[in-house]
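Scroll down for the structure; my scribbles are underneath it.
Nothing in this text is a laboratory measurement; each read-out follows from the coordinates by a stated rule. The shown structure was predicted, so the numbers you read here are calculated from the model rather than taken from an experiment. Neighbour counts are summed over all protein chains in view; Cβ atoms, including those assigned to glycine, are modelled from backbone coordinates with ideal geometry.
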Amino acid sequence: MTETSRRLPGPQFPDLREWIDPFGLMDLRPKLDFHPIRIEDVFEGDSYLLRAELPGIDPQHDVEIIVSDGTLTILAERSADKHDKRHTEFRYGAFSRAIRLPQGAKEDKVHASYNDGILTVTVPITQPAKAPTRKIAVTAE
């Protein structure tokens, strides 16, 4: 092993950003303070369940859920703490996601809860009457 290879990983190397953008031009582009919310959804019994990943927020003050015209919109905001940080990969700012609700959703009965960084939205749905199955004949022209 050479002397150089033993010293490779360490603080003596500048950040990768300094190599890619030595003049700081990347900082001149407009910054978007908007981030999508990661979700998962499932039908469970007579309900549509939507789970949204929102760690580190206060659900009482930082989350707004709007249901209108068959669309559920989740708005959230997380503010950065005031410590000087050398490096962070946390996302701060506004978060938003709009989801089309399934047919039969009871918009007036939507319920939401928050636990361990996960927002769970429960939407009761009515099962539409099943249309009878029928076979369609195909004719040749």
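Here the 3J(HN,Hα) profile of the stretch 135-140, calculated from phi with Karplus coefficients 6.51, -1.76 and 1.60 at θ = phi - 60°, is 8, 10, 7, 9, 10, 8 Hz, Gly and Pro shown as x. If the label point is 7 Å along Cα→Cβ of residue 111, which residues in the stretch 40-55 have backbone nitrogen under 19 Å from it? Within reach of a label on residue 111, which here means backbone N under 19 Å from a point 7 Å along Cα→Cβ, the stretch 40-55 contributes 41-52.
Sorted fewest first by neighbouring Cβ atoms within 10 angstrom, 87, 111, 61 come out as 87, 61, 111.
Among 92, 48, a tally of other beta-carbon atoms within 10 Å of each Cβ gives an order, fewest to most, of 92, 48. Sorted fewest first by neighbouring Cβ atoms within 10 angstrom, 123, 67 come out as 67, 123.
For residue 47, the amide hydrogen comes within under 5 Å of the amide hydrogens of 125, counting only partners 5 or more places away or on other chains and with H modelled in the peptide plane.
Using R₀ = 22 Å, calculate the FRET efficiency as 1/(1 + (r/R₀)^6) where r is the Cβ-Cβ separation of residue 122 and residue 90; round to 0.05. Using R0 = 22 Å, I get an efficiency of 0.20.
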